[in-house]
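See structure below.
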Amino acid sequence: MKILKIYTDGRYIPKVKSGATSFIALEVSSEGNRVLTESAKFYEMSKSETEDTYYNTNHKMEIQAILNALNWLRSKGYSKSHRIYVYTDSQNIQLATADWIRKWKKRNWKTAANTAVKNKDMWVKLDKMSNEFTSLFIQWVQGHNGDPWNERADALCKTIMEKQLGHEINIKI
């Protein structure tokens, strides 16, 4: 079974009401990692959109980055014949996919505190897409800690935001 590694990242900066997602797909072999694709997408909240807009938090952008990567994998036919490791620097996403989603579904999309799960629409989509893959594992990697692929995914987000906004991004998120 072939192995793929996908590194994802997402960011949203409220000050500029813009965000970005990125992913890098790698094929793993005995010779090392071969980059299959790198992708970055820019998201901007228009003046007419409200604070309930789909792309308006860093967390939502992190989830969207994984959704974008899974869409790409599906479009390339990688769903059945590969072991796929998706790396995110969001511990909440890793915990949600490993445990919380199953519990939320049993409680009709309520948290342990009996409140509605935030971003339910995105979690439902992520759960559905994840189930299309035979061997998909979402792993946590500590962000900004020297992992070269995680750093590259972060740089892709920053670069596309700077390009679209026309200025350097020096905002800590």
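We did not get these values from a lab; they are worked out from the coordinates using the rules stated. These numbers come from a predicted model, not from an experiment. Cβ placement follows ideal geometry from the backbone for every residue including glycine, while neighbour counts extend to all protein chains displayed.
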**Prompt:** Quick one, which of [x] 1.32; [y] 1.12; [z] 1.05 is the actual Cα Rg over 2.2 N^0.38 Å calculated for this model?
**Reply:** [z]
**Message:** For K80, give me every one of the lysines with a C-alpha distance below 24 angstrom, ignoring sequence neighbours fewer than eight places off in its own chain.
**Reply:** K2, K5, K125, K128
**Request:** Just order 142-151, 6-15, 27-36 by mean Cβ neighbour count inside 10 Å, highest at the front, would you?
**Result:** 6-15, 142-151, 27-36
**Message:** Taking θ = phi - 60°, what integer Hz values does the Karplus form 6.51 cos²θ - 1.76 cosθ + 1.60 yield along segment 72-87, in sequence order, with x for Gly and Pro?
**Reply:** 5, 4, 4, 5, 9, x, 8, 5, 10, 9, 9, 8, 10, 10, 9, 9
**Prompt:** Simple spin-label model, 7 Å along Cα-to-Cβ: K125 to K103 in nm?
**Reply:** 2.5
**Message:** What's the ranking of 91-102, 106-117, 71-82 by average number of surrounding C-beta atoms within 10 Å, highest first?
**Reply:** 91-102, 71-82, 106-117
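Between T134 and T37, 0.36 nm times their residue separation minus their Cα-Cα distance comes to what?
32.8 nm
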**Prompt:** With point charges of +1 on the Cβ of Lys and Arg and -1 on the Cβ of Asp and Glu, referenced to the Cα centre of the chain, which listed residue (A112, V141, A98) lies farthest in the positive direction of the dipole?
**Reply:** A112
**Item:** Length released on extending from A112 to N58, taking residue separation times 0.36 nm less the Cα-Cα span
**Value:** 17.1 nm
